[in-house]
1. Looking only at region A:33-60, how many residues end up being polar (S, T, N, Q) and either under 19 Å from A:VAL81 (Cα atoms) or under 9 Å from the mean Cα position of the chain (by Cα) (or both)?
2. Taking region B:65-99, which residues are buried (at least 17 other Cβ atoms within 10 Å of the Cβ) and acidic (Asp, Glu)?
3. Within the set of pairs 6 or more residues apart or between chains, which connect a residue that is at the interface with another protein chain (Cβ under 8 Å from one of its Cβ atoms) and closer than 17 Å to B:GLU100 by Cβ inside region A:87-113 to a residue that is surrounded by fewer than 17 Cβ atoms within 10 Å (Cβ to Cβ) and among the polar types (S, T, N, Q) with Cβ atoms less than 8 Å apart?
4. Hey, could you check region A:53-83 for residues that are farther than 23 Å from B:ALA92 by Cβ and among the small types (Gly, Ala, Ser) and say which is surrounded by the fewest Cβ atoms within 10 Å (Cβ to Cβ)?
5. Output the residues belonging to region B:60-95 that are assigned to a loop (DSSP other than H, G, I, E, B), under 19 Å from B:VAL4 (Cα atoms) and of a type outside the set (D, E, K, R).
6. Conditions: (1) surrounded by fewer than 21 Cβ atoms within 10 Å (Cβ to Cβ); (2) closer than 27 Å to A:VAL37 by Cβ. B:THR59 meets all but one. Number of the miss?
7. In the list A:GLY28, A:GLY22, A:GLY53, A:GLY62, which residue meets the criterion of being away from chain B (no Cβ under 13 Å), in contact with a strand residue (DSSP E or B) (Cβ under 9 Å, 6 or more places away or on another chain) and free of Cβ contacts under 8 Å to residues at least 40 places away in the same chain?
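Nothing in this text is a laboratory measurement; each read-out follows from the coordinates by a stated rule. Predicted model only: the values in this text are computed from it and were never measured. Cβ sites come from the backbone with ideal geometry, for glycine too, and all protein chains shown count toward neighbours.
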Amino acid sequence: AQSVSQHNHHVILSEAASLELGCNYSYGGTVNLFWYVQYPGQHLQLLLKYFSGDPLVKGIKGFEAEFIKSKFSFNLRKPSVQWSDTAEYFCAVLNNAGNMLTFGGGTRLMVKP
Amino acid sequence: DTAVSQTPKYLVTQMGNDKSIKCEQNLGHDTMYWYKQDSKKFLKIMFSYNNKELIINETVPNRFSPKSPDKAHLNLHINSLELGDSAVYFCASSQYGEGEQYFGPGTRLTVT
């Protein structure tokens with residue numbers, strides 16, 4: 001069975017600080033990985049996704065993530081966060097059939113102005 | 001222009017009641033989903049429908065009954081509501097096999 005772990009439950013940063021959120025997955029099939037963001041009171045939106053190819057994936061709003069197969073990781077990064085990045089961030093893995101996303105427990109990021 | 005819409009946005013009801021949540025998508029997708037997000041923000045899939053047929057049912061109590069009248073709609077009916085059903089329920093859609101799912105705004109259900 002697939003699973004996703006996000007070890008940082010709460011992260012507090014000041015504006016302009018660099019961000020890295022951890023994501024580790026457990027899945028035996030072809031790996032398709034996602035990062036979603038949920039701003040306060042809003043629905044989930046896709047930040048970026050990895051299906052194949054370049055393991056360094058760039059997404060919206062200056063976010064990027066690196067797929068490291070040997071570490072079973074897909075960490076999310078941003079060089080300089082803004083107050084508007086305050087949100088809940090979810091890592092997810094897609095099953096082989098392409099019809100089920102398994103989400104990690106989420107990381108709540110608070111950026112102090 | 002809303003891609004995935006849900007109604008109602010908020011639902012407050014008493015234990016034992018029966019309620020429904022509706023979801024519609026205008027993206028032309030063939031697969032729709034229901035997720036439950038608990039108070040700790042943990043997000044878990046409940047059901048998935050592809051072309052109106054149930055393809056995923058993740059050990060959800062049978063008080064929950066999804067219905068898909070057509071590919072663009074997936075409704076969730078809940079019988080005999082319990083306190084533990086309080087959560088935010090998200091609908092989502094995708095094209096089968098393509099992975100990326102589009103989420104609705106959520107329905108916050110509060111059972112008192």
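1. The qualifying residues number 2.
2. B:ASP85
3. A:THR102/A:SER3
4. If we take residues in region A:53-83 being farther than 23 Å from B:ALA92 by Cβ and among the small types (Gly, Ala, Ser), then A:SER70 is surrounded by the fewest Cβ atoms within 10 Å (Cβ to Cβ).
5. B:ALA72, B:GLN95
6. Status for B:THR59: all satisfied but (2).
7. When all the criteria are applied, what remains is A:GLY62.
Yes/no per residue for (1) touching a Phe, Trp or Tyr at 6+ places or on another chain (Cβ under 9 Å); (2) in a loop (DSSP other than H, G, I, E, B); (3) under 26 Å from B:LYS36 (Cβ atoms):
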residue	(1), (2), (3)
A:TYR36	yes, no, yes
A:GLY41	no, yes, yes
A:LEU46	yes, no, yes
A:GLY53	no, yes, no
A:GLU66	yes, no, no
A:GLU88	yes, no, yes
A:CYS91	yes, no, yes
A:ALA97	yes, yes, yes
